[in-house]
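Asker: Next up is a structure, given as structure tokens.
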Amino acid sequence: MKAVVVGVGHLGKHHARILASLPGVSLAGVVDINRDRAAEIAREYHTTAFADAREISGLEIAVIAAPTESHAELAQPLVEAGVHVLVEKPVTQTLAEADALIAAAKAKGVVLAVGHSERFNPAVAAARPYVSDPRFIEVHRLGTQLGRSLDIDVVLDLMIHDLDLILSMVPSEVESVEAVGVPVLTPKVDIANARVRFRNGCIANLTASRISKDQIRKIRFFQRERYVSIDTAAREVEMFQLEAQPAGMPKIGGGKLTVPGDEPLKAELEDFVAAVRDKRAPAVSGEQGRAALALAVKIVELMKQ
């Protein structure tokens with residue numbers, strides 16, 4: 001399959017690296033508004049720099065890793081041209097843009113995937129079988145990441161990873177949301193907290209910061225007779241649960257789980273390529289990307305009140 005990466009900055013470079021190594025995929029080109037950057041990445045991965053992805057004849061798949069504000073204008077014409085597209089998170093800047101992109105993908109019968117790479121984190125995969133009907137979820141995604149994604153606030157930059165995860169793990173609709181955010185070092189919100197209540201009674205408390213001294217990426221699930229803690233940065237999982245005993249009180253058992261797996265971004269791209277090849281839905285569809293964006297937009301709107 002002929003592939004292109006549009007936007008080869010910090011993350012796009014890794015998309016190019018991985019696509020260049022995948023069997024059955026040919027990295028036909030890279031595109032970036034910075035022509036020198038595009039030429040540099042093209043040389044490194046033995047491909048060609050283009051000014052526009054549509055210059056590549058026979059293009060089949062594209063990854064959009066440009067800034068969020070450009071996602072719709074870059075992805076829409078490719079989808080309408082019949083190209084299968086993976087768009088980095090958030091899928092678009094607005095819900096209207098997401099709706100238009102999803103509609104175009106359906107009309108053309110192409111795969112539209114969204115790059116929520118934490119879905120492919122091996123720690124998340126190892127923990128998922130043990131998470132069932134959680135009642136309380138505590139999430140912390142903290143770090144110093146002021147060198148990128150400053151066109152969006154911390155909710156759309158960082159928290160949206162965890163919003164997507166909890167939406168995929170809680171079997172219920174969102175009932176209500178509370179949120180607060182503060183712009184500290186940039187004009188955009190740099191630290192935010194959201195409390196999401198689901199109709200089944202589960203509550204998720206999420207904190208995201210890009211101005212913290214220490215890097216923390218943890219998500220903890222509390223449910224009846226079981227506790228699951230995921231460290232997505234260290235790719236570690238701890239699980240503790242009550243274990244019935246033949247006689248007497250139950251005891252607490254568990255500990256660290258085995259976490260096999262590869263680089264999340266590689267697993268994400270492998271899933272995208274397989275979805276195109278097998279004509280199936282990707283692990284994170286356009287609709288799921290829109291759901292995470294809708295919740296993030298709701299949080300951003302509440303922070304402005």
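Asker: Can you list residue pairs whose Cβ atoms sit under 7 Å apart, with the first residue in the range 56-70 being among the hydroxyl-bearing types (Ser, Thr, Tyr) and the second being not in a loop (DSSP other than H, G, I, E, B)? Count only pairs 6 or more apart in sequence or on different chains.
Answerer: Correct list of pairs: 68/156.
Asker: Further question on the same structure: Restricting the range 277-299 to residues that are β-branched (Val, Ile, Thr) and buried (at least 21 other Cβ atoms within 10 Å of the Cβ), which is farthest from residue 234 (Cα to Cα)? Full working, then the answer.
Answerer: Taking the range 277-299 and keeping what is β-branched (Val, Ile, Thr), we get 284, 297, 299.
Subset that is buried (at least 21 other Cβ atoms within 10 Å of the Cβ): 284, 299.
Details: 284: 23, 299: 28 Å.
Step by step, filter the range 277-299, then rank; the result is 299.
Asker: Would you please name the residue that is surrounded by the most Cβ atoms within 10 Å (Cβ to Cβ), looking only at residues in the range 204-240 that are closer than 21 Å to residue 133 by Cα and touching a Leu at 6+ places or on another chain (Cβ under 6 Å)?
Answerer: Checking each candidate, the answer is 237.
Asker: Another question, then. Are there any pairs, at least 6 apart or on different chains, whose C-beta atoms fall under 7 Å, with the first in the range 95-115 and in the same structural domain as residue 81 (by TED's automatic domain parsing) and farther than 19 Å from residue 156 by Cα and the second polar (S, T, N, Q) and in a helix (DSSP H, G or I), and if so, which?
Answerer: 100/76; 104/76
Asker: Only one of these is over 20 Å from residue 238 (Cβ atoms), among the aliphatic types (A, V, I, L, M) and out of contact with any Asp or Glu (no Cβ under 9 Å at 6 or more places or on another chain): 96, 125, 113. Name it.
Answerer: On the way: 125 fails: over 20 Å from residue 238 (Cβ atoms); 113 fails: out of contact with any Asp or Glu (no Cβ under 9 Å at 6 or more places or on another chain).
After applying the criteria, what remains is 96.
Asker: Within the range 268-283, does at least one residue satisfy the condition of being aromatic (Phe, Trp, Tyr) and in contact with a Gly (Cβ under 8 Å, 6 or more places away or on another chain)? Don't jump to the end; show me each part of the working.
Answerer: Initial filter on the range 268-283 (aromatic (Phe, Trp, Tyr)): 272.
Now drop any that are not in contact with a Gly (Cβ under 8 Å, 6 or more places away or on another chain), which leaves none.
There is no residue in the range 268-283 that is aromatic (Phe, Trp, Tyr) and in contact with a Gly (Cβ under 8 Å, 6 or more places away or on another chain).
Asker: Does residue 91 count as over 30 Å from residue 259 (Cβ atoms) and buried (at least 21 other Cβ atoms within 10 Å of the Cβ)? Give the steps one after another, and end with the answer.
Answerer: Details: over 30 Å from residue 259 (Cβ atoms): no; buried (at least 21 other Cβ atoms within 10 Å of the Cβ): yes.
Here the answer is no, as residue 91 does not meet what is asked.
Asker: Looking at the range 175-201, I want the residues that are without any contact (Cβ under 8 Å) to a residue 60 or more places away in the chain and within 18 Å of residue 152 (Cβ to Cβ) and have a partner that is part of a loop (DSSP other than H, G, I, E, B) and β-branched (Val, Ile, Thr) with Cβ atoms under 9 Å, at least 6 apart or on another chain. Which pairs are those?
Answerer: 182/189; 183/189; 188/152; 190/184; 191/184
Asker: Just need a number here: residues in the range 45-81 that are under 15 Å from residue 273 (Cα atoms) and assigned to a loop (DSSP other than H, G, I, E, B). Give the steps one after another, and end with the answer.
Answerer: Initially, the range 45-81 is screened for residues under 15 Å from residue 273 (Cα atoms), giving 59-64.
Next, from what is left, pick out any that are assigned to a loop (DSSP other than H, G, I, E, B): 59-60.
Looking only at that region, the number is 2.
Asker: Same structure, new question: Taking residue 47 as the residue in question, decide whether it is under 27 Å from residue 232 (Cβ atoms), among the hydroxyl-bearing types (Ser, Thr, Tyr) and crowded, with 16+ Cβ neighbours inside 10 Å. Give the derivation first.
Answerer: Numbers: under 27 Å from residue 232 (Cβ atoms): no; among the hydroxyl-bearing types (Ser, Thr, Tyr): yes; crowded, with 16+ Cβ neighbours inside 10 Å: yes.
No; evaluated as a whole, the condition is false for this residue.
Asker: Something else: For the subset of the range 8-25 comprising residues that are out of contact with any Asp or Glu (no Cβ under 6 Å at 6 or more places or on another chain) and part of a loop (DSSP other than H, G, I, E, B), which member is surrounded by the most Cβ atoms within 10 Å (Cβ to Cβ)? It would help to see each step written out before you state the result.
Answerer: Restricting attention to the range 8-25, the residues satisfying the condition of being out of contact with any Asp or Glu (no Cβ under 6 Å at 6 or more places or on another chain) are 9-25.
Imposing the further condition that a residue be part of a loop (DSSP other than H, G, I, E, B) reduces the set to 9, 22-25.
Details: 9: 17, 22: 16, 23: 6, 24: 9, 25: 21.
Looking at residues that are out of contact with any Asp or Glu (no Cβ under 6 Å at 6 or more places or on another chain) and part of a loop (DSSP other than H, G, I, E, B), I get 25.
The values are calculated or read from the model by the stated rules, or taken from the named source; none is laboratory data. Keep in mind that what you see is a predicted model, and the values were worked out from it rather than measured. Using ideal geometry, Cβ is built from the backbone for each residue, glycine included, and neighbour counts are taken over all protein chains shown.
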